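Everything on this sheet refers to the single structure shown next.
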Amino acid sequence: MELLVASAIGILTAAGLYLAMRLRTFPVIIGMSLLTYAVNIFLFASGGLTVGAPPILSDATTYTDPLPQALVLTAIVISFGMTAVVVVIALGAYLGANDDHVNDLDEKEGQA
């Protein structure tokens, strides 16, 4: 189970970094979302990967730490809101310039 979660975190991080370094707006947004998902899974896994354990402190012999679960729920809401804001800003930039490059260099200026 730990190997599967660690592999998923690594693959999401690698794909997110690859897409975040692209020169177009949409892949950068998708890359940042994938990095957010990787961090959320990492935070969730930091609470312990126990199956069938209650997420509360009680007289149970095994339990799951509830703090990472609360952090992940909060991070999901914040990342959804920020992704919506970034998409609207990117759409406005695309409609204003008719181009979705993330850098400000023109092709003519870049060749000089």
**Q.** Selection count, region 9-33, where residues are of a type in the set (D, E, K, R) and more than 15 Å from residue 89 (Cα to Cα)
**A.** 1
Q: Output the number of residues of region 77-102 satisfying the condition of being touching a residue at least 60 places away in the same chain (Cβ under 8 Å), under 21 Å from the mean Cα position of the chain (by Cα) and either surrounded by fewer than 10 Cβ atoms within 10 Å (Cβ to Cβ) or part of a helix (DSSP H, G or I) (or both).
A: 1
Q | One residue from 35, 17, 4, 12 being among the aliphatic types (A, V, I, L, M) and in contact with a Ser or Thr (Cβ under 8 Å, 6 or more places away or on another chain) | A | 35
(Q) So for region 42-56 (the condition being surrounded by 13 or more Cβ atoms within 10 Å (Cβ to Cβ), in contact with a helix residue (DSSP H, G or I) (Cβ under 7 Å, 6 or more places away or on another chain) and modelled with pLDDT of 90 or more), does at least one residue qualify? (A) yes
Q: Consider residue 37 carefully, then state whether it is surrounded by fewer than 16 Cβ atoms within 10 Å (Cβ to Cβ) and either touching a Lys or Arg at 6+ places or on another chain (Cβ under 8 Å) or assigned to a helix (DSSP H, G or I) (or both).
A: no
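The values are calculated or read from the model by the stated rules, or taken from the named source; none is laboratory data. This is a predicted model, so every value here is computed, not measured. With ideal geometry, Cβ positions are generated from the backbone for all residues, glycine too; neighbour counts draw on all protein chains shown.
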